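These notes concern the structure reproduced below.
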Amino acid sequence: MAVTDLHPHLRAEHIEQMSAFGHRLGIAQGEYLLRSGEKAHSLFVILEGTVGIFDDTTQERITTHQPTEFTGNMTALSDRRFEYNAVALTDVVVLQVPQLRLKELISQTQELSELLLRTFLVRRVSEVENKYGSIKLFGSRYCPAVFRLKEFFSKNHVQYVWVDLEKDATSERILQEFGVGVEETPVVITNDHKIFKTPSVEEIAAELGLSSLQDASVFDVVVVGAGPAGLAASVYAASEGLQVATIDALGPGGQAGTSSKIENYLGFPLGISGSELASQAYLQAQKFGCHISIPHEVKSLRFEGNVFQLSLASGHTLKSSTVIAATGAAYRKLSFPNLAMYEGRGVYYAATPMELQLVRGKEVIIVGGGNSAGQAAVFLSAHSSKVHLVIRGHDLRNSMSSYLIRRLEHDPNVTLYTHTEVTALAGDGYLAQVELTDRLSQQKTWKDISNLFLFLGAQPCSAWLRSMTCLDEKGFVVTGRDLTQDTLARYQWPLQRLPQSLETCVPGLFAVGDMRSGSVKRVASAVGEGSMAVSQVHAFLTA
Ligand SMILES: Cc1cc2nc3c(=O)[nH]c(=O)nc-3n(C[C@H](O)[C@H](O)[C@H](O)COP(=O)(O)OP(=O)(O)OC[C@H]3O[C@@H](n4cnc5c(N)ncnc54)[C@H](O)[C@@H]3O)c2cc1C
């Protein structure tokens, strides 16, 4: 990565443009411009002198900014906390641009906004590569809470270092010296040295500034779900000036975020990882001023006092004139009584770099014949000692794209088991054995394999809408022309006009992406529907 990409010099006209959004400030040598842990912080353009960026834990100097360079990373546009200390190495003169003004600048300028966003992205890559600004997670690989926190960090692009207490006896001793017992792990230490014992995901999200909810008495639109459909809706709604709030129960990216490589999304000839796609879309939504709050699960929706009221698991209520439901689908599970015991301890529902940390070099079993199973097999085959792909059917042709089938057929590391199913799991606290049964011969075989990936298809996340709108027999939300006159009458559709194509049987409530009945379960169609829904929201609001 070129140093100039990380530290571009602003031209004189850029600085002049930025001056309209900030103010000059003199800071004495040794003073802090920003401290680790600050939220909604300013961006500083260095006009005279030099500024050092330091890791708060190691005190290592990560970089030095010279005149015409600027501070800042992805946190500059969100409520997330800054992870470093920015210190004046000499007496400096800076241009301070507060966060709100920075957002205005980004929405009003083109070349400058591109330069800033590109630099933030490049800095993000450098932070990930160098593990700068990481928060620390101490906990055992066998602890489900550790898995939940790691999943949350990965989904939300929170840089972290995990110390596996099963492998690192020294850390366990250090924790004991601090009076932290095993029963109090996992322990999270933030960049500003706060210690959290057995924290919940919600607690950590609040600490990191991810879950704050925007103030507005009534939003124009609330987007529920930040998968591809919800992110697209958020980008379009915010860019078109609607007052929008987006919430997600776990993190941006949805199912697509768990894909190791999406190869069929237009514009990415080399493919793009789901996490990368989600990260870029997340930044794009923020660029247009969309506020995304995570983790917030919507529990129910009602229409009261002429507005939609969304009740969140956190106890908050959001009010909005319209709602775009984009809560997608969640993976199906096997119906073994002991399945929950192994989730995160040998049983996984996604194959991302996070799961890879746990299974690298080992044998894995993948169950499922769809594209998600195929992608996982290709991804894991490159890093594990053997992939056993298990399907109930006769072959993959009816369920998997042919480009994936071709790759798997030519991969000597992948063995396909047809008409086979998983019939039992065993292991003491951690998965150790998986029983496979041949459905034709009924022959049972125990495999001593402790990594099982399940890709069994998905079911719609529509429970929160059940009392309000019409779902099909599988629980997908029915919209547009699929709503018959009878259904509309049953749900007391109150208007002369018929529902728009993505509108449900409740005026102003739209459903998009995988949760919608009849939708094509693809990233591109989810993105398309998310953006289309915004024009239908406009039509509704202006009618
Ligand atoms: C492993 C895998 C690989 C895939 N590969 C490809 C591919 O290569 N190409 C392709 O085109 N498609 C692929 N797909 C399919 C694609 O990812 C989906 O079609 C797409 O993600 C659907 O987007 P969505 O926004 O509708 O829903 P989702 O992606 O399911 O997102 C829904 C979001 O809503 C949130 N949510 C759910 N319930 C609530 C609630 N009550 N409150 C708040 N938030 C909630 C979830 O946390 C989630 O973030 C793949 C899917 C998987 C699982």
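The table that follows gives values for the structure above.
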item	result
Counting DSSP beta bridges with both ends in the chain, the antiparallel % (nearest 5)	60
Cut-off under 5 Å, modelled amide H: who pairs with Ile366 long-range	His388, Leu389, Val390, Phe453
Estimated dipole of the chain in Debye, rounded to 20 [Cβ of Lys and Arg +1, of Asp and Glu -1, Cα centre]	1200
The stretch 3-130, relative contact order [Cα under 8 Å, separation at least 6], %	35
Debye-sum result for the chain in log10 I(q)/I(0), which assumes one identical scatterer on each alpha carbon, at q = 0.08, 0.09, 0.13 Å⁻¹	-0.59, -0.75, -1.37
Helical contribution to [θ] at 222 nm, DSSP H n ≥ 4, -39,500 (n - 2.57), averaged over the chain, rounded to 500	-8500 deg cm²/dmol
Kirkwood Rh in Å, taken over all unlike Cα pairs in the stretch 54-201	17.5
Theoretical gain in end-to-end length, Glu184 to Leu89 [0.36 nm per residue, Cα-Cα removed]	30.2 nm
Of Lys131/Lys362; Lys150/Lys333; Lys299/Lys333; Lys386/Lys447; Lys131/Lys261, pairs whose Cα-Cα distance is over 19 Å	Lys131/Lys362; Lys150/Lys333; Lys299/Lys333; Lys131/Lys261
Distance-filtered residues of the stretch 445-478 - backbone nitrogen under 11 Å, label point 7 angstrom along Ala489 Cα→Cβ	none
Karplus (6.51, -1.76, 1.60) ³J(HN,Hα), θ = phi - 60°, over the stretch 529-543, in Hz, Gly and Pro reported as x	5, x, 6, 4, 4, 5, 5, 6, 5, 4, 4, 5, 5, 9, 5
Alpha carbon convex hull of the stretch 339-454, volume per residue in cubic angstrom	92
17 Å tail of the calculated P(r), the stretch 135-200, as % of Cα pairs	33
Ranked by how many other beta carbons lie within 10 Å on average, peptides 163-169, 35-41 from highest	35-41, 163-169
Spatial separation of Cα centroids for the stretch 117-165 and the stretch 241-293, in angstrom	18
Karplus 3J(HN,Hα) series, Hz, for the stretch 492-507 with 6.51 cos²θ - 1.76 cosθ + 1.60 (x for Gly, Pro)	6, 4, x, 9, 5, 6, 8, x, 5, 4, 10, 8, 7, 7, 10, x
Listed residues Val45, Thr75, Ala216: farthest to the positive end of the dipole of the chain (Cβ charges)	Ala216
Protection proxy ranking of 233-243, 406-416 - average other beta-carbon atoms within 10 Å, highest first	233-243, 406-416
Antiparallel %, DSSP beta bridges [both residues in the stretch 339-454], to 5	40
Scaled radius of gyration (Cα, divided by 2.2 N^0.38 Å) that the stretch 3-130 gives	0.96
Residue-wise HN-Hα coupling along the stretch 214-226, computed from phi with Karplus coefficients 6.51, -1.76, 1.60 (Hz; x: Gly, Pro)	6, 8, 6, 5, 9, 6, 5, 8, 10, 9, 9, x, 10
Principal axis box of the stretch 158-271, alpha-carbon based, largest edge first, Å	55, 44, 21
Order of Leu100, Leu210 - criterion: other Cβ atoms within 10 Å of each residue's Cβ, fewest first	Leu100, Leu210
The stretch 441-543: proportion of alpha-carbon pairs further apart than 24 angstrom, %	35
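All of the numbers you see were taken from the coordinates with simple rules; none came from a lab. On a predicted model such as this, the values are computed, not experimentally measured, just so you know. Reconstructed Cβ throughout: ideal geometry from the backbone, glycine too, with neighbour counts over all protein chains shown.
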